[in-house]
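Novice: Can you read through this structure? Questions will come right after.
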Amino acid sequence: MLPFLLIFTLAQISPTIPEEVVQIQQVRPLPGKLDSVPTFNSNSPEKVLKEGILLSTFPSLGKKVPTAHLNFPFQGRFDIFAHHVAQAPTSEDLRTLYLGIILHNPGQEAVKVNVLQGASYLSQPDAPFIKLPPWSQNFWGTVFAGPGDRVMGDILRGRRRDIFPPQMVIPPGESQMLLNAPIPVKDLTPPLNGRSTLVRLESDGRVYAASLAMFAPQNEAGGERKPNLQEWENLLQNGDVAGPRDKTPTPLDKTDKGIIYGRVAGVAKGSRWEALLTDSPKSKHLTIPQPGKAYSYGISTLHGGTLGTNQIQSAPMLVRYPDTAYRAHGNYGIQYSLKLPLYNNTQAPQTLTISLQTPLKEDQLVKPGLRFLSTPAPQVFFRGTVRVRYNHEQGKKLTRFVHLVQRRGQPGEPLLVLNLPAGKRDLVEVDLLYPPDATPPQVLTVATQ
């Protein structure tokens, strides 16, 4: 798992340091904004060695540890995201850690919760971190490396895995388990495993949610068994927050030194960023760059990494634990849905490329453009699937799924090469769910050859 806590600039003195390559161009703020759909974001502690409460939005009244509960009810559309890692505390302690996600109906009438989409995968064996090429066709969703990558690909395709029911009916005053799933470490070398989960839900009444971590109880024969609802409820009622705690984040107004972003544990505001990319708010089209030129839009820009746009896209936190991230830096699980109504205003046909790129992180650009490395750094900063929809030259609407693996400073290969006749327009749509284990920011670049 790549930790998203602190991003360093290239400082190691070595004769093999790659050269910087500057792509001279404009970097634009991304139009649009996050919607107001709340996202239950459970990502701290990422590595869980001590069982307990990962995130609870239940009321604190009557709980043994009131500070472990944030008192935030959900109603209508909301998302649940969870991304955690289990590691054997010692070489002898190979107990299975269970991840439980519980929903509670505090009202006096039954509540229906529709599961619109949902996926949950383990690193081992579901989605190991295998080496993949920088660019792969991924129409069937069979190309992935890591559980977060696989989960985001499923949700991008609108899937609901069988591990989740299509609907939950929760009686008044009762709770039900949305997820009760293992993160096993036995027989793994090293004894380390992770689970990523994203579920899109819609409720017709108020519900509270909590994510919990518990080591497998023993059955009568001394083996492991799955925790039951009563045991999860007892942990929720009497437990403290899980551990060990991650690094405490740097306050948002302290950006003069190295930034510790921290990991997220709370409810973030926003599930989807929809944007129509045009020349101006009053324009209906996006004029293509002049031949040999390009422009880019920031993706998942954040404090200390706005690429000169001064735009922070990180979702604000509605409630959070005080030792966790101030914003949902990285926007894990958030969908970017971008429409580009391209217009060729020249008198000749033009060939365009549309690319997702991973430039060197900057807040203000030190040069008039984006900086890349002649040989990308070893760290993978983006690993996920992008959907591109566009019109074929014969007028047929086509859909392409492209899986990308990008390292720090990698300009990347085009998602799409498009031939646009003189004076013509074409709508291109780009969708992605920002994957766990990615490190922001990225850019979406339109270039004319």
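Novice: So Q167 fits all but one of (1) farther than 22 Å from V65 by Cα; (2) within 24 Å of the chain's Cα centre (by Cα); (3) of a type outside the set (V, I, T); what number is the exception?
Specialist: The number of the failed condition is (2).
Novice: On the given criteria, is D149 in contact with a strand residue (DSSP E or B) (Cβ under 9 Å, 6 or more places away or on another chain), of a type in the set (D, E) and outside the structural domain of R400 (by TED's automatic domain parsing)?
Specialist: On the way: in contact with a strand residue (DSSP E or B) (Cβ under 9 Å, 6 or more places away or on another chain): yes; of a type in the set (D, E): yes; outside the structural domain of R400 (by TED's automatic domain parsing): yes.
Yes: the conditions hold for D149.
Novice: Restricting the search to region 32-77, which residues are buried (at least 23 other Cβ atoms within 10 Å of the Cβ) and over 20 Å from R263 (Cβ atoms)?
Specialist: Listed by number, the residues that qualify are F58, F74.
Novice: Out of all the residues in region 313-332, is one or more β-branched (V, I, T) and closer than 17 Å to L30 by Cβ?
Specialist: Within region 313-332 (the criterion being β-branched (V, I, T) and closer than 17 Å to L30 by Cβ), the answer is no, since none of the residues qualifies.
Novice: Grab the strands (runs of 3 or more DSSP E) fully contained in region 156-251, keeping just those with 3 or more residues being farther than 24 Å from Q117 by Cα.
Specialist: Filter on region 156-251 gives 192-215.
Novice: Six or more apart or on different chains, Cβ atoms under 6 Å: show the pairs whose first residue is in region 416-441 and touching a residue at least 40 places away in the same chain (Cβ under 8 Å) and whose second is basic (K, R).
Specialist: Going by the 6 Å Cβ cut-off, the qualifying pairs are E429/K339; E429/R389; D431/R387.
Novice: Another question about this same structure. For residues in region 141-164 being among the aliphatic types (A, V, I, L, M) and more than 13 Å from the chain's Cα centre (by Cα), which is surrounded by the fewest Cβ atoms within 10 Å (Cβ to Cβ)?
Specialist: For region 141-164, the residue satisfying everything is I163.
Novice: Further question on the same structure: Quick one: how many residues across region 415-449 are of a type outside the set (A, V, I, L, M, F, W, C), more than 19 Å from Y343 (Cβ to Cβ) and outside any strand (DSSP E or B)? Break it down stepwise before answering.
Specialist: Step one: filter region 415-449 for residues of a type outside the set (A, V, I, L, M, F, W, C), giving 419, 421, 423-426, 429, 431, 434-437, 439-442, 445, 448-449.
Those left that are additionally more than 19 Å from Y343 (Cβ to Cβ): 431, 434-437, 439-442.
After this cut, where a residue has to be outside any strand (DSSP E or B) as well, the list is 434-437, 439-441.
Qualifying residue count, region 415-449: 7.
Novice: Which number in (1) under 30 Å from R263 (Cα atoms); (2) at pLDDT below 95; (3) not small (G, A, S) marks the one condition that I334 misses?
Specialist: (2)
Novice: Which of (1) farther than 22 Å from L192 by Cβ; (2) surrounded by fewer than 15 Cβ atoms within 10 Å (Cβ to Cβ) does K131 not meet, given it meets every other one?
Specialist: Failing condition for K131: (1).
Novice: With respect to G384, is the statement that it is buried (at least 20 other Cβ atoms within 10 Å of the Cβ) and not in a loop (DSSP other than H, G, I, E, B) true?
Specialist: yes
Novice: Moving to a separate point now. Can you pull out the residues in region 300-316 that are in a strand (DSSP E or B) and surrounded by 21 or more Cβ atoms within 10 Å (Cβ to Cβ)? Full working, then the answer.
Specialist: Pass one, region 300-316, residues in a strand (DSSP E or B): 302, 305, 315-316.
Those that are in a strand (DSSP E or B) and surrounded by 21 or more Cβ atoms within 10 Å (Cβ to Cβ): L302, G305, A315.
Novice: Within region 300-346, can you find the residues that are closer than 16 Å to W273 by Cβ, touching a Lys or Arg at 6+ places or on another chain (Cβ under 6 Å) and not hydroxyl-bearing (S, T, Y)?
Specialist: Of everything in region 300-346, those that are closer than 16 Å to W273 by Cβ, touching a Lys or Arg at 6+ places or on another chain (Cβ under 6 Å) and not hydroxyl-bearing (S, T, Y) turn out to be A315, P316, Q335.
Novice: For A265, state whether it is among the aliphatic types (A, V, I, L, M), surrounded by 15 or more Cβ atoms within 10 Å (Cβ to Cβ) and assigned by TED's automatic domain parsing to the domain that holds P414. Break it down stepwise before answering.
Specialist: Working: among the aliphatic types (A, V, I, L, M): yes; surrounded by 15 or more Cβ atoms within 10 Å (Cβ to Cβ): yes; assigned by TED's automatic domain parsing to the domain that holds P414: no.
Criteria not met by A265.
Novice: Okay, next question. I need a count of the residues in region 141-156 that are at negative phi, in contact (Cβ under 8 Å) with a residue 40 or more places away in the chain and either out of contact with any Ser or Thr (no Cβ under 6 Å at 6 or more places or on another chain) or hydrophobic (A, V, I, L, M, F, W, C) (or both).
Specialist: 9
Novice: Can you confirm whether region 96-109 contains a residue that is surrounded by fewer than 18 Cβ atoms within 10 Å (Cβ to Cβ), within 27 Å of the chain's Cα centre (by Cα) and over 16 Å from V199 (Cβ atoms)?
Specialist: yes
The values are calculated or read from the model by the stated rules, or taken from the named source; none is laboratory data. Worth saying up front: this structure is predicted, and the values here are computed from it rather than measured. Note that we place each Cβ from the backbone using ideal geometry, even for glycine, and neighbour counts take in every protein chain shown.
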